[in-house]
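The values are calculated or read from the model by the stated rules, or taken from the named source; none is laboratory data. All values reported here derive from a predicted model rather than from experimental measurement. Glycine also receives a Cβ, built like all others from the backbone with ideal geometry; neighbour counts cover every protein chain displayed.
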Amino acid sequence: MKDLESLVNQFRTPAFPGSFFFSFEGIEGSGKSTQIKLIKEHLENEGFNVIVLREPGGTPFGEKLRKAILESESDLHPLAETHLFCAARAQLLQEVILKELSEPNTIVICDRFIDSTIAYQGHARGLGIENILIQHATFPLNLVPHRTFYLRIDLETSLERQRKRNMPKDYFESRDDEFHQKLISGYDQSAELFKERVELINGSANEETVFGELKTKIDSIVRGNQEYAS
């Protein structure tokens with residue numbers, strides 16, 4: 001754990017006073033998309049310029065990689081997956097996130113970020129969390145959100161919500177239950193490693209309850225009641 005702790009210490013948050021970078025994480029069915037939409041509307045009503053991005057994606061380059069990964073008909077090596085995600089993330093940081101955050105009164109919200117790579121490739125795909133952190137040692141990949149909201153649900157809830165949606169499954173969604181159980185464990189480990197950054201939210205609660213908790217936490221942050229080290 002000492003080695004992991006030293007790797008965790010290499011990360012920092014973007015330093016742009018008055019602007020904030022948030023990410024939302026969770027397995028399929030956790031409600032990320034719904035809550036991001038609600039939070040965006042709330043923050044815009046509060047006068048913030050809100051930019052919503054997704055990973056991989058958010059740039060022309062990233063969207064091409066997203067399509068290549070999620071529509072892949074062959075099983076990619078987890079190292080190949082990780083390099084592709086890191087490439088898309090580095091471009092997203094450089095081309096969009098840092099530029100947007102440099103503008104005052106801006107909030108960038110990203111649907112997935114480094115914690116997804118830790119959970120998916122590091123743990124569920126067996127590459128090792130240490131290897132994921134090592135690959136993020138170089139700027140701008142060593143930048144992380146000011147706060148990450150992990151909407152945690154159990155596997156049964158995830159499967160039930162996916163059944164109700166009845167949507168086609170992509171490269172990752174089509175994997176077996178064991179893989180998705182490992183994802184939960186991976187996310188839990190990331191939340192433990194990054195205790196100061198990751199907020200654990202009960203994603204099994206109803207939509208209004210989850211939104212209320214997120215709204216309270218985010219309002220506290222953007223109103224200056226919490227400070228972040230840069």
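I'd like the full set of residues that are of a type in the set (Phe, Trp, Tyr) and within 22 Å of PHE20 (Cβ to Cβ), limited to the range 52-76. Result: no residue meets the conditions.
Pairs are defined by a Cβ separation below 6 Å, a sequence spacing of at least 6 or placement on different chains, a first member in the range 24-37 that is touching a residue at least 40 places away in the same chain (Cβ under 8 Å) and part of a helix (DSSP H, G or I), and a second member that is among the small types (Gly, Ala, Ser) and crowded, with 22+ Cβ neighbours inside 10 Å; the pairs so defined are LYS32/GLY26.
Tally time: how many residues in the range 28-49 are of a type outside the set (S, T, N, Q), within 30 Å of GLN189 (Cβ to Cβ) and modelled with pLDDT of 95 or more?
Initially, the range 28-49 is screened for residues of a type outside the set (S, T, N, Q), giving 28-29, 31-32, 36-44, 46-48.
Add one more test, that the residue is within 30 Å of GLN189 (Cβ to Cβ), and what stays is 28-29, 31-32, 36-40, 43.
Those still in the list that are modelled with pLDDT of 95 or more too: 31-32, 36-40, 43.
Residues that pass the stated criteria total 8.
For the residues ILE184, ILE201, the requirement of being in contact with a helix residue (DSSP H, G or I) (Cβ under 9 Å, 6 or more places away or on another chain), assigned to a helix (DSSP H, G or I) and β-branched (Val, Ile, Thr) singles out ILE184.
Scanning the range 104-161 for residues that are in a loop (DSSP other than H, G, I, E, B) and of a type in the set (Gly, Ala, Ser) turns up GLY126, GLY128, ALA137. The condition of being more than 23 Å from LEU76 (Cβ to Cβ), in contact (Cβ under 8 Å) with a residue 24 or more places away in the chain and aromatic (Phe, Trp, Tyr) holds for only one of PHE149, PHE113, PHE172, that being PHE149. Among the residues of this structure, THR138 counts as one that is closer than 17 Å to LEU7 by Cβ, of a type in the set (Ser, Thr, Tyr) and free of Cβ contacts under 8 Å to residues at least 24 places away in the same chain.
Being out of contact with any strand residue (DSSP E or B) (no Cβ under 9 Å at 6 or more places or on another chain), of a type outside the set (S, T, N, Q) and either over 19 Å from GLU25 (Cβ atoms) or at pLDDT below 90 (or both): is that true of ASP176 here?
Judged against the criteria, ASP176 is a match.
Please indicate, with yes or no, whether at least one residue in the range 102-110 is over 14 Å from the mean Cα position of the chain (by Cα) and at positive phi. For the range 102-110, residues over 14 Å from the mean Cα position of the chain (by Cα) and at positive phi: present.
GLU100 meets the conditions (1) in contact (Cβ under 8 Å) with a residue 24 or more places away in the chain; (2) farther than 25 Å from LYS37 by Cα in every case but one. The failed one is (2). Being surrounded by 14 or more Cβ atoms within 10 Å (Cβ to Cβ) and in a strand (DSSP E or B) is a description that applies to LEU53.
So which of ALA87, ALA80 ends up being assigned to a helix (DSSP H, G or I), within 25 Å of LEU193 (Cα to Cα) and more than 17 Å from the chain's Cα centre (by Cα)? Sole residue among the options that is assigned to a helix (DSSP H, G or I), within 25 Å of LEU193 (Cα to Cα) and more than 17 Å from the chain's Cα centre (by Cα): ALA80. For ILE27, the conditions (1) closer than 29 Å to ASN105 by Cβ; (2) crowded, with 20+ Cβ neighbours inside 10 Å all hold with the exception of (1).
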